Number of protein chains: 2
Amino acid sequence: MLAVHIAQGKARVIDTPKPRPRRGFALLKMRVAGICNTDLELLRGYYGFSGIPGHEFVADVVACEDSAWIGKRVVGEINLACRKCSWCKRGLGRHCPRRTVLGIVKHPGAFAEFLTLPVANLLAVPKQIPDHLAVFTEPLAAACEILEQVKFAAGAEVAVLGDGKLGLLIAQVLSLSGLPVTLYGRTREKLDIVKPLGITTAWVSRKSPKVPQAAYRYVVDATGSAAGFTMAAGMVGPRGTLVMKSTVNGRTPVDFAPLIVNEITLVGSRCGPFREALKLLKANALQLEAMLSGEFPLEDAPTALDLAASPGVLKILLRSMT
Amino acid sequence: MLAVHIAQGKARVIDTPKPRPRRGFALLKMRVAGICNTDLELLRGYYGFSGIPGHEFVADVVACEDSAWIGKRVVGEINLACRKCSWCKRGLGRHCPRRTVLGIVKHPGAFAEFLTLPVANLLAVPKQIPDHLAVFTEPLAAACEILEQVKFAAGAEVAVLGDGKLGLLIAQVLSLSGLPVTLYGRTREKLDIVKPLGITTAWVSRKSPKVPQAAYRYVVDATGSAAGFTMAAGMVGPRGTLVMKSTVNGRTPVDFAPLIVNEITLVGSRCGPFREALKLLKANALQLEAMLSGEFPLEDAPTALDLAASPGVLKILLRSMT
């Protein structure tokens, strides 16, 4: 089968044997996969990754012990949990210490014609949701995770900082949950995408960034930069909450004194509930079409990855043509 | 009156006019004051402070519009709030943006024969509590603040890192609230202080510190060092909470990736409820006598401050002899 392989900071398309599903696993034939910033970081060699990346996908089940799954169009939870430890028993398999992670940690990913996942990880995609939108399930679930972790006071204003893919999804998810959201970002065209949802947008100058200080009870940092984190932290008022939704490679220098004096709560937030994401996609209330910047055949993945890393580009999809 | 004055990293005892209480304020005659690490930081010039420090005290009310207060032995909330803004109206005057802070921000402190405070800040000290224990009200309230901010799961194990004054108080407060506590520290003699409360203690080597990784649902960092923060962060398990109870001067380099992947919550925590602290002191269930390392007359404050900054020394008190 065709697959994208990353090693030593380079992506190549290779021919490699089709994976064989283990007991309890299904064999999936990829339809569409999405390029995430994490994939770009793997490509930059941040985590010493080598192998097949890709964790955002829509696929067809082509082999499975439980024949009821065969032929179904699915998305899949990316954390492969042991299902036995105390985390798994508490329903938090996403934090299982023995987990592998699709396309990220020790389990080959979705940038390939075929992939495998435990049947327990699969969710059927409702037929109303086309492939190019269903592929947003995983990042949308990550946005939904904020609502699982933070009990927002009704009507409290939320600032989302960062108009990248994740920031755009977070702003939409929080707005659809009924919260008044302001999205701060550096690119007017990206900010415009979420305006139809009634989200307030605020353009931040790259040269002399200005954001309101200590003004919000809730701020979400989706900037992916150390400077963005510092800016987001300054926007949180006393006793407020800063949701940390994007990672920065390496160490961020943090002045904890104001965070302690103002009794700020910082919440690290990662993967989220797929079911909630599918519900939102089914309701078709999100602005996602405008977030698509291009689609490439799987064999053109190196070009697609280059483009995905370019400024101003949002979601790039890979499609399996076989 | 005699007062301790800090300027340019030096503490001197000066003769200065007795303060005049403004409308709504009481004039207090200091009985005993406690030296806090914050005072040592002010002395080191960390905050560009100059003036009279001191925010832990027991005093007698000697002048007050409301004569019912006169002659009462009191402690006092250190944040002088405007009592008009939205923070004050929500009962969070400790976060009032216009506040001054006794002995720290623009209000002369308690290392003096006399000080002033708003009557609204005063609490009478029950007669069962002697001066040398009542002086712990303020730092004890700061320890109690953790219970206000974090809703602990019943029976969940808590690790407290740091066997300084604040760490010792936090371990005791959390233990008395019914939580199983382990106190980690570098000094066996300090750790021994809290053993009578049934607190588990764990000695950490200075040369090769070892602490359990991702082992606790709740960790409190009371180390006051960047290395301590990093160590405390590593002890928190997925979805766990790290309470940041001590500040480090300057910037701490933080690798946020594990905090985000493990969805850790960090809670900045500062001043707390005096009433809760007085309740604990009245119940006389804490080991505080063993935390006293010395008592000096106010005029010997420079010597007392030197001693308070020495390794192994815990609480040093200043007593007004007039």
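The values are calculated or read from the model by the stated rules, or taken from the named source; none is laboratory data. Quantities reported herein were computed from a predicted structural model and do not represent experimental measurements. Please note: Cβ atoms are built from the backbone with ideal geometry, for glycine as well, and neighbour counts cover all protein chains shown. Side chains are part of the model used for accessible areas, which takes the heavy atoms of the whole protein and leaves out ligands, DNA and RNA. Shrake-Rupley method; radii C 1.70, N 1.55, O 1.52, S 1.80 Å.
Scanning the range B:22-38 for residues that are of a type outside the set (Val, Ile, Thr) and open to solvent by less than 50 Å² (accessible area, probe 1.4 Å) yields B:Gly24, B:Phe25, B:Ala26, B:Leu27, B:Leu28, B:Lys29, B:Met30, B:Ala33, B:Gly34, B:Cys36. Among the residues of the range A:118-131, those that are assigned to a loop (DSSP other than H, G, I, E, B) and either touching a Ser or Thr at 6+ places or on another chain (Cβ under 7 Å) or not charged (D, E, K, R) (or both) comprise A:Val125, A:Pro126, A:Gln128, A:Ile129, A:Pro130. For the condition surrounded by fewer than 19 Cβ atoms within 10 Å (Cβ to Cβ), free of Cβ contacts under 8 Å to residues at least 60 places away in the same chain and under 16 Å from A:Phe114 (Cα atoms), A:Gly45 does not qualify. What is the residue count in the range B:220-261 for residues that are more than 21 Å from the chain's Cα centre (by Cα), basic (Lys, Arg) and within 21 Å of B:Gln149 (Cα to Cα)? Of the residues in the range B:220-261, 1 are more than 21 Å from the chain's Cα centre (by Cα), basic (Lys, Arg) and within 21 Å of B:Gln149 (Cα to Cα).
Considering only residues in the range A:202-221 that are part of a strand (DSSP E or B) and within 24 Å of A:Arg239 (Cβ to Cβ), the one that is nearest to the other protein chains (Cβ to nearest Cβ) turns out to be A:Asp221. Taken over the range A:8-21, the criterion of being in contact with a strand residue (DSSP E or B) (Cβ under 9 Å, 6 or more places away or on another chain) and open to solvent by 30 Å² or more (accessible area, probe 1.4 Å) is satisfied by A:Arg12, A:Val13, A:Ile14, A:Asp15, A:Thr16, A:Lys18, A:Pro19, A:Arg20, A:Pro21. More than 14 Å from chain B (Cβ to nearest Cβ) and open to solvent by less than 50 Å² (accessible area, probe 1.4 Å), is that true of A:Leu288? Criteria met by A:Leu288. Applying the criterion of being without any contact (Cβ under 8 Å) to a residue 60 or more places away in the chain, part of a loop (DSSP other than H, G, I, E, B) and more than 14 Å from every other protein chain (Cβ to nearest Cβ) to the residues of the range A:132-191, the residue that is surrounded by the most Cβ atoms within 10 Å (Cβ to Cβ) is A:Asp163. Quick one: is B:Ala3 more than 24 Å from B:Ile129 (Cβ to Cβ), among the small types (Gly, Ala, Ser) and either open to solvent by less than 40 Å² (accessible area, probe 1.4 Å) or in a helix (DSSP H, G or I) (or both)? Spelling it out, B:Ala3 is indeed more than 24 Å from B:Ile129 (Cβ to Cβ), among the small types (Gly, Ala, Ser) and either open to solvent by less than 40 Å² (accessible area, probe 1.4 Å) or in a helix (DSSP H, G or I) (or both). Quick one: would you say B:Leu80 is in contact (Cβ under 8 Å) with a residue 24 or more places away in the chain and surrounded by fewer than 21 Cβ atoms within 10 Å (Cβ to Cβ)? For B:Leu80, the condition - in contact (Cβ under 8 Å) with a residue 24 or more places away in the chain and surrounded by fewer than 21 Cβ atoms within 10 Å (Cβ to Cβ) - is not met.
Across the range B:73-83, the qualifying residues are those that are in a loop (DSSP other than H, G, I, E, B) and touching a Lys or Arg at 6+ places or on another chain (Cβ under 7 Å), and the one among them that is nearest to the other protein chains (Cβ to nearest Cβ) is B:Ala81.
Within the range A:97-117, can one find any residue that is among the β-branched types (Val, Ile, Thr), free of Cβ contacts under 8 Å to residues at least 40 places away in the same chain and open to solvent by less than 40 Å² (accessible area, probe 1.4 Å)? Yes: one or more hits. Could you list, ordered by first residue, the pairs with Cβ atoms under 7 Å in which the first is in the range A:244-271 and within 7 Å of another protein chain (Cβ to nearest Cβ) and in contact (Cβ under 8 Å) with a residue 40 or more places away in the chain and the second is in a strand (DSSP E or B) and open to solvent by 10 Å² or more (accessible area, probe 1.4 Å), at least 6 apart or interchain? Close Cβ pairs satisfying both conditions: A:Asn262/A:Pro238; A:Val267/A:Thr241; A:Val267/B:Thr265.
If you check B:Thr223, B:Thr230 for being out of contact with any His (no Cβ under 9 Å at 6 or more places or on another chain), open to solvent by 40 Å² or more (accessible area, probe 1.4 Å), without any contact (Cβ under 8 Å) to a residue 40 or more places away in the chain and over 19 Å from A:Thr265 (Cβ atoms), only one passes: B:Thr230. Restricting attention to the range B:17-50, the residues that are at pLDDT 95 or above and acidic (Asp, Glu) add up to 1.
So that you can scan it fast, the table gives a plain yes or no per residue for (1) more than 19 Å from the chain's Cα centre (by Cα); (2) in a loop (DSSP other than H, G, I, E, B); (3) among the charged types (D, E, K, R):
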| site | (1), (2), (3) |
| --- | --- |
| B:Glu41 | no, no, yes |
| B:Tyr46 | no, yes, no |
| B:Gly54 | no, yes, no |
| B:Asp60 | yes, no, yes |
| B:Gly71 | yes, yes, no |
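Scanning the range A:272-282 for residues that are touching a residue at least 40 places away in the same chain (Cβ under 8 Å) and more than 14 Å from chain B (Cβ to nearest Cβ), which turns out surrounded by the most Cβ atoms within 10 Å (Cβ to Cβ)? Step through it out loud before you land on a result.
Residues of the range A:272-282 that are touching a residue at least 40 places away in the same chain (Cβ under 8 Å), as a first pass: A:272-278, A:280-282.
This time we only want the ones that are more than 14 Å from chain B (Cβ to nearest Cβ), so: A:274-278, A:280-282.
Numbers: A:Phe274: 20, A:Arg275: 13, A:Glu276: 19, A:Ala277: 26, A:Leu278: 20, A:Leu280: 23, A:Leu281: 23, A:Lys282: 15.
Among those residues, the one meeting the criterion is A:Ala277.
Among the residues of the range A:84-111, the ones that are away from every other protein chain (no Cβ under 14 Å) and assigned to a loop (DSSP other than H, G, I, E, B) come to 6 in all. Restricting the range B:248-267 to residues that are touching a Lys or Arg at 6+ places or on another chain (Cβ under 9 Å) and open to solvent by 20 Å² or more (accessible area, probe 1.4 Å) leaves a set whose member that is farthest from B:Glu157 (Cα to Cα) is B:Asn249.
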